[in-house]
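K.L.:
First the structure, then my questions, so here it is.
The values are calculated or read from the model by the stated rules, or taken from the named source; none is laboratory data. None of the values given here were measured: they were computed from a predicted structure. Glycine gets a Cβ as well: all are built from the backbone with ideal geometry, and neighbour counts include every protein chain shown.
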Amino acid sequence: MTDYILTARNLTKTYSQASGKFGFGNSQIRALDNVSISLVAGSTLAVVGESGSGKSTLARCLLQLQPLDSGEVRFQGRDLATLSGADLRMVRRHLQMIFQDPFASLNPRMKVDEIVGEGLLIHKLGSPEERRHKVQQMLQRVGLSAADMLKYPHEFSGGQRQRIGIARALVLEPKVVVCDEPVSALDVSIQAQILLLLKELQQEMALSYIFITHDLRVVRHIADEVVVMHRGQVVEQGSVSDIYNAPQQEYTRNLLRSIPGRKRVADLQPQA
């Protein structure tokens, strides 16, 4: 029996948008349209699609950062919508996010030890000395040093800032981490380093990832399973091998053809 750590069933999310010549009208945009996904414990599920496909809305709804219109998200079998108080805080500790932009996601007025340790303080984990020690250990695990604790974000490169963001997410020892385009703002050479770090930390800490991206080059190196989204719907899903070698949908084939440097693939047709 497959061990699913996080499942989402029939998620629907609609936004209102001003429309008409003078903006007095009101139209509905369905960002999520009956979306269902399942994350196997210890694995990486990539959610791919173009801008506007609904993948970032999915990430926020999975973490309860935005309310759903309908649908159900379960973590270790527990419906998140039914939790409150201490139970909800405990679950939130185990569901963390790594954000896309390492320049915008770190508070420029806070030192690194405050940024990484903020979650420990919010969840009242450990004494001040224990929290400081844990922050130091986590920074070292992501390739930074204890001396970096008293620096500010502007003193670091983009890749180093993303390492700080990773440390902030993982210091709480979560079980599921949603990575929302975590390397898209970085140079290609730095992307490879961050992807390798994420894979190493996944093995060390028994993490489960939901990896949001528009870049199918990245997917091949990080994911076990892939969900392809288009206009708020899941149009295809399967293993990395299946998606790359035998895509069933024309939308998926177009995404594959758009990979920079990839040869024109005439045989990207559904297999009988």
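K.L.:
Which residues, taken from segment 35-49, are at negative phi and either in a loop (DSSP other than H, G, I, E, B) or hydroxyl-bearing (Ser, Thr, Tyr) (or both)? If you could, list the steps in order and put the result at the bottom.
P.N.:
We begin by selecting, within segment 35-49, every residue at negative phi; these are 35-41, 43-48.
Scanning segment 35-49 gives 36, 38, 41, 43, 44.
K.L.:
May I ask you to list the residues in segment 203-252 that are farther than 27 Å from residue 3 by Cβ, modelled with pLDDT under 90 and among the basic types (Lys, Arg)?
P.N.:
217
K.L.:
Next question. Looking only at segment 101-123, decide whether some residue is within 23 Å of residue 187 (Cβ to Cβ) and among the β-branched types (Val, Ile, Thr).
P.N.:
Checked segment 101-123: at least one residue is within 23 Å of residue 187 (Cβ to Cβ) and among the β-branched types (Val, Ile, Thr).
K.L.:
Looking at residue 9, is it among the charged types (D, E, K, R), part of a strand (DSSP E or B) and over 15 Å from the mean Cα position of the chain (by Cα)?
P.N.:
yes
K.L.:
How about segment 150-194: which of its residues are among the hydrophobic types (A, V, I, L, M, F, W, C) and closer than 21 Å to residue 62 by Cβ?
P.N.:
So in segment 150-194, the residues among the hydrophobic types (A, V, I, L, M, F, W, C) come out as 150, 156, 164, 166-167, 169-172, 176-179, 183, 185-186, 188, 190, 192, 194.
Across segment 150-194, the qualifying residues are 166, 169, 170, 171, 172, 176, 177, 178, 179, 183.
K.L.:
For segment 77-108, name all the residues that are in contact (Cβ under 8 Å) with a residue 40 or more places away in the chain and either in a helix (DSSP H, G or I) or not hydrophobic (A, V, I, L, M, F, W, C) (or both). So that I can check it myself, show each step before the final result.
P.N.:
Here is the first cut: in segment 77-108, the ones in contact (Cβ under 8 Å) with a residue 40 or more places away in the chain are 93-103, 105-108.
93, 94, 96, 100, 101, 102, 105, 107, 108 - these are the residues of segment 77-108 that are in contact (Cβ under 8 Å) with a residue 40 or more places away in the chain and either in a helix (DSSP H, G or I) or not hydrophobic (A, V, I, L, M, F, W, C) (or both).
K.L.:
Another one. Filter segment 41-88 down to the residues that are more than 22 Å from residue 100 (Cα to Cα) and among the hydroxyl-bearing types (Ser, Thr, Tyr), then identify the one that is surrounded by the most Cβ atoms within 10 Å (Cβ to Cβ).
P.N.:
Filtering first and then ranking leaves 70.
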